[in-house]
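Take a look at the structure below.
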Amino acid sequence: MDAPVPPVAAPTGRPNGAPDREVVIEVRDLVVGFGDKVIMNGLSLDVYRGEILGFVGASGTGKSVLTRTILGLVPKRRGTIKVFGQDVDNLTPEARKAMERRWGVLFQQGALFSSLTVRQNVQVPMREHLKLSQELMDELALLKLELVGLKPEVADRYPSELSGGMIKRVALARALSLDPEIVFLDEPTSGLDPIGAQDFDQLIATLQKTLGLTVFMVTHDLGSLYSACDRIAALADGRVIAAGPIETMLKSDHPWLRSYFHGERARHLTAEAGAGR
Amino acid sequence: MNRAVMDPVANVVVERNGAEARMRFIGRWTSDQAAAVEAGASKLTAEAQGAERVLLDLSAVERLDTLGAWVLDRARSEIVARGQEAGFVGLDEPKRILLHEVAYHEFGLKAPVQHSAVVDILSDVGGTVVGAGRDLVGGVSFLGSLVAAFGRMLVNPRRFRITSMVFHLEAVGFRSVPIITLISFLVGCIVAQQGIFQLRRFGATPFVVDLIGILTLRELGVLLTSIMIAGRSGSAFTAEIGSMKMREEIDALRVMGLDPIEVLVAPRILALIVALPILTFLSNLAGLFGGGVVSWIYGGISQEVFLGRLRSAIAFNTFMVGIIKAPFMALVIGMIACIEGMAVKGSAESLGRQVTSSVVKAIFMVIVVDGLFAMFFASINY
């Protein structure tokens, strides 16, 4: 965006010594709950333009809930959420629609429309939001499928005929179909084999470089955190307990973070990362 | 903050310099400018006509995305295909990477094979006939495995899932009592009103009691109940089993060594077989009551006269004809619902299709079975 960025007194989420980069998602003092259960309790988080933010937390701490709250699918009790500097609560329906065109979402289960073919799935946002010739839409759909590493033959299959990894890829192609500025990925590599997951990480990184994407990625995959993410935010007790690059996570004293990043599975990754440097 | 409104549209300025044409692109070549991008690209190929060298200058492009890059590279390759020289200039690093990633190429997809309409219709008809045959075979084999499952339960009663059956008994039986008694009451009223209205012309008003009694007990009660249950519980069974099929829950049962017929189908069908005669009985009562009320208010037939005539018009066999049919209706409805549920494939659309076809087939079969019973009872003079 060309408008100057208002200085934000960020209590959390800002990396140490990071330059004043543009904040594209700003969450402040968020409270979300269902019934008696409070999931988010005063959560604050910043996501900067052009970064890949990995969002970690134990199962059931509400990582997906945060994503869904930012997207407006879950009502919040308190707090503000600003995306592209606009408060999501004070949007006219047109502005809201314009904002939705600027983000893409990959849901955990893919959420492909089962009655449409892969090609039609990828074309849904184009058809709704853009005026394009059918020929160009077909080409673009095939191009997006190719970008996410799928063969053109897949285009005329239905989602029920795809494997889990292919569903994720098609869902990513659909999320990217309008060339969004932010993509939300909810556990993109869960259910993929390690090679597939690695490819996926590389794909995200390439797309982020070429398209200038901002990526908000909920993940459990340590490999993704090491290889793809610029910054990591950790969620526990309804708050962001730490945010920063992987080194910050490794230094943290929080017991959950210690067991997460110094556990059996993390150790060899840390060793590899150390050797690589 | 809405950039789509603020920002300049995608456009192209052409500078001719002898044999060289320089296309200077300005604005945002992105998907929110899609229409302008497509128009700009066709203008570009048209304007490039006649030039030997075409330079595509992107230095003034504000933003480029995959759509813009694809359209531009497609235009470039079209110009090259005409035998002209064409290339991009003024690229910064991100744009270069993007154009490299999104290089134009054919996808080499085969066009779908076209069939003639006649062949399509014939193959549809053939497919439907084969499908109907498969349905019949599938139904018989399903009935066989159901009977086998009941047999196993009789031998080993511990396999019988009483909790599940009681749960379904509540859902299909108890919870449908209000609606079934209500519609039966209303239909009883309507039949009585019409009967009185027509019979009055012959001075035969009291015979309306015979009409209501025989019609309700023999046919109406069981038909209304069966049709209501087909719509209400048959659809629910198909949807439940179908969504379990979609989420691989049925496969999970199988690999754990549990028979889905025993676990899911048998309790549902047994619950239906128990519930339907009871509901039919209640429906009979409600229908007779409705008829009695209208006969009294509209036809002036007092309760004593109504009951007296009713007693002489119907016998125990009139009641039994209706009740005997009920368990068979239950079996038909339950089997169709469960077969359709098992036939659900992966998609939500297929679930919807199977639920519809479950209800339609069940109601159709209920009426066919009722007709068969009518012929049977007539021939044995019951």
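The phi-based Karplus calculation (6.51 cos²θ - 1.76 cosθ + 1.60; θ = phi - 60°) puts the 3J(HN,Hα) values of region A:38-45 at 9, 8, 10, 10, x, 7, 10, 7 Hz, whole numbers, x for Gly and Pro. Against the main long axis of the alpha-carbon atoms of chain B, helix B:117-155 sits at an angle near 50°. Cα-based values for region B:149-379, radius of gyration first and Dmax second, are 20.5, 70 Å.
How would B:Phe289, A:Phe34 rank on accessible area, largest to smallest, probe 1.4 Å? Display every interim value, and only then the final one.
Working: B:Phe289 130, A:Phe34 105 Å².
In descending accessible area the options line up as B:Phe289, A:Phe34.
A 1.4 Å probe, protein heavy atoms only, puts the accessible area of A:Asp253 near 120 Å². Counting only residues at least eight positions apart within a chain, or on another chain, the lysines with an alpha carbon under 24 Å from that of B:Lys325 are B:Lys361. Please work out the C-alpha center-to-center distance from region B:41-104 to region A:132-161 and express it in whole Å. So the separation of the two Cα centres works out to 23 Å. Accessible surface comparison of A:Tyr158, A:Tyr48, A:Tyr260, B:Tyr104, probe 1.4 Å, protein chains only, largest first: the order is A:Tyr158, B:Tyr104, A:Tyr260, A:Tyr48.
Inter-chain Cβ neighbour count for B:337-346, averaged per residue, equals 1 (cutoff 10 Å, partner chain atoms only).
In loop segments of region B:245-292 as defined by DSSP, the GluC sites (Glu not before Pro) with at most 12 further C-beta atoms inside 10 Å of their C-beta are B:Glu248. Of the peptides A:135-142, A:50-57, B:216-223, the ranking by mean beta-carbon count within 10 Å, highest at the top, reads B:216-223, A:50-57, A:135-142. Computed with every protein chain present, the accessible area of A:Ser259 is close to 70 Å² [probe 1.4 Å].
Could you please put A:Ile204, B:Ile273 in sequence from largest to smallest accessible area, using a 1.4 Å probe? Mind dumping the intermediate values first?
Values: A:Ile204 5, B:Ile273 50 Å².
Final ranking, largest accessible area leading: B:Ile273, A:Ile204.
Taken over region B:65-171, the convex hull of the Cα atoms encloses 307 Å³ per residue.
The mean number of partner chain beta-carbon atoms within 10 angstrom of a residue's beta-carbon across peptide B:93-105 is 3. Summarised as an ellipsoid, region B:70-113 has semi-axes of 24, 16, 6 Å, derived from the eigenvalues of the Cα gyration tensor scaled by 5 and square-rooted, with the largest first.
Mean residue ellipticity at 222 nm, helices only, chain B: -22000 deg cm²/dmol; runs of at least 4 DSSP H residues each add -39,500 (n - 2.57), and the sum is divided by the number of residues.
Working ranking of peptides B:52-63, A:82-93 by packing, defined as the average number of other Cβ atoms within 10 Å per residue, highest first, is B:52-63, A:82-93.
Would you mind checking A:Lys168/B:Lys95; A:Lys144/A:Lys209; A:Lys168/B:Lys345; A:Lys63/B:Lys245; A:Lys97/A:Lys131; A:Lys76/A:Lys209 for any pair whose Cα atoms are more than 22 angstrom apart? As for pairs spanning more than 22 Å Cα to Cα, those are A:Lys168/B:Lys95; A:Lys63/B:Lys245; A:Lys76/A:Lys209. For chain A, the extents of the C-alpha atoms along the principal axes are 54, 47, 40 Å, listed from largest to smallest. The amide H of A:Thr214, built 1.01 Å from its N in the peptide plane, has A:Gly50, A:Ile182, A:Val183 as neighbours under 5 Å, considering only residues 5 or more places off or on other chains.
Distance from the C-alpha centroid of region A:64-103 to that of region B:110-160: 48 Å, rounded to the whole angstrom. Sequentially through region B:325-342, phi angles give Karplus couplings (6.51, -1.76, 1.60; θ = phi - 60°) of 5, 4, x, 5, 4, 4, 4, 4, 4, x, 5, 4, 4, 6, 4, 5, x, 5 Hz, Gly and Pro residues having no value and appearing as x.
Over 45 Å apart: what share of the alpha carbon pairs of the protein assembly as shown falls there, rounded to a whole percent? Mind showing how you got there, number by number?
Values: 97494 of 216811 pairs.
Tail fraction, whole percent: 45.
The values are calculated or read from the model by the stated rules, or taken from the named source; none is laboratory data. For clarity, every value in this text was computed on a predicted model and none was experimentally measured. So basically every Cβ, Gly included, is an ideal-geometry build from the backbone, and we count neighbours across all protein chains shown. When the accessible area is computed, the model is the full protein with side chains, heavy atoms only, and any ligands, DNA or RNA have been set aside. Shrake-Rupley method; radii C 1.70, N 1.55, O 1.52, S 1.80 Å.
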